[in-house]
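Note sheet for the following structure.
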Amino acid sequence: MTVLQTDRLLLRHFNPDDAPFILALLNEPSFLRYIGDKKVRTLDDARNYILTGPIATYDKHGFGLYQVELKDSHTRIGMCGLLKREELPQPDIGFAFLPDFWNKGFAFEAAAAVLHDARERLNLDRILAIVNPDNDASIKLLEKLGFKFEGMKGDVKLYALPHEPVE
């Protein structure tokens, strides 16, 4: 199910058939370094990740991580969406893209669409983001989206976006 679309992208709900993509994305060296090891090693692990992560979150909160694909070719390039972590008071934005699709504006385009949806459909006035302090590219993207650094939350940087438009 397509949830959001931009000029170049479709953001849709994950389903168990996306397991090969999730297996590849979650085992990218950059994902492991900056986001963490989700212990997804097999297609069954990937299907379980999809069912207990994104799909469970759609049902519980009405949002979650969406698969991002190119509109013209339906090539899967990454994921982007909102998460609701117990340790954070508000939802936070998350994103990860395959390295072949970095530095092309796709992450900004997807994240801006997710933030617009968060304000318009979900009526959220504050979104958080957590990021590895060494992840300069993600920090730059968050700042471009209007997020402001609020401090450290354990070993990650905490950013927040108050209710402000994203251009």
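The values are calculated or read from the model by the stated rules, or taken from the named source; none is laboratory data. Keep in mind that this is a model prediction, so the values were computed, not measured. Don't worry about glycine lacking a Cβ; one is built from the backbone with ideal geometry, like all the others, and counts go over all protein chains shown. Just so you know, the surface numbers come from the protein's heavy atoms only, side chains and all, with ligands and any DNA or RNA stripped out. Shrake-Rupley method; radii C 1.70, N 1.55, O 1.52, S 1.80 Å.
Residues that are outside any loop (DSSP other than H, G, I, E, B), open to solvent by 10 Å² or more (accessible area, probe 1.4 Å) and touching a Pro at 6+ places or on another chain (Cβ under 9 Å) within the range 59-75 comprise His61, Leu65, listed in sequence order.
Determine, yes or no, whether Asp44 is farther than 23 Å from Ser138 by Cα and charged (D, E, K, R). Yes. Every test in (1) over 25 Å from Pro16 (Cβ atoms); (2) open to solvent by less than 20 Å² (accessible area, probe 1.4 Å) is passed by Met79 save one, and that test is (1). For beta carbons closer than 7 Å, sequence separation of 6+ or different chains, a first residue in the range 106-126 that is farther than 12 Å from Pro91 by Cα and a second that is in a helix (DSSP H, G or I) and of a type in the set (D, E, K, R), the qualifying pairs are Phe108/Lys144.
Would you check if Leu65 is more than 13 Å from the chain's Cα centre (by Cα) and closer than 18 Å to Pro16 by Cα? It is false that Leu65 is more than 13 Å from the chain's Cα centre (by Cα) and closer than 18 Å to Pro16 by Cα.
Residues that are over 19 Å from Ile130 (Cβ atoms) and buried (at least 18 other Cβ atoms within 10 Å of the Cβ) within the range 13-42 comprise Phe14, Asp18, Ala19, Phe21, Ile22, Leu23, Val40, listed in sequence order.
If the requirement is being assigned to a strand (DSSP E or B), more than 23 Å from Leu9 (Cα to Cα) and either modelled with pLDDT of 95 or more or not aromatic (Phe, Trp, Tyr) (or both), which of these qualifies: Gly78, Gly94, Gly151?
Testing whether each residue is assigned to a strand (DSSP E or B), more than 23 Å from Leu9 (Cα to Cα) and either modelled with pLDDT of 95 or more or not aromatic (Phe, Trp, Tyr) (or both) leaves just Gly151.
Thr42 falls short of the stated requirement of being at pLDDT below 95 and at negative phi. If only residues of the range 110-132 that are open to solvent by 40 Å² or more (accessible area, probe 1.4 Å) and not in a loop (DSSP other than H, G, I, E, B) are counted, the one that is nearest to Glu28 (Cα to Cα) is Ile130. Scanning the range 1-41 for residues that are free of Cβ contacts under 8 Å to residues at least 12 places away in the same chain and part of a loop (DSSP other than H, G, I, E, B), we see that the one that is farthest from Ala112 (Cα to Cα) is Lys39. Restricting attention to the range 43-58, the residues being of a type in the set (A, V, I, L, M) and either buried (at least 20 other Cβ atoms within 10 Å of the Cβ) or part of a strand (DSSP E or B) (or both) number 2.
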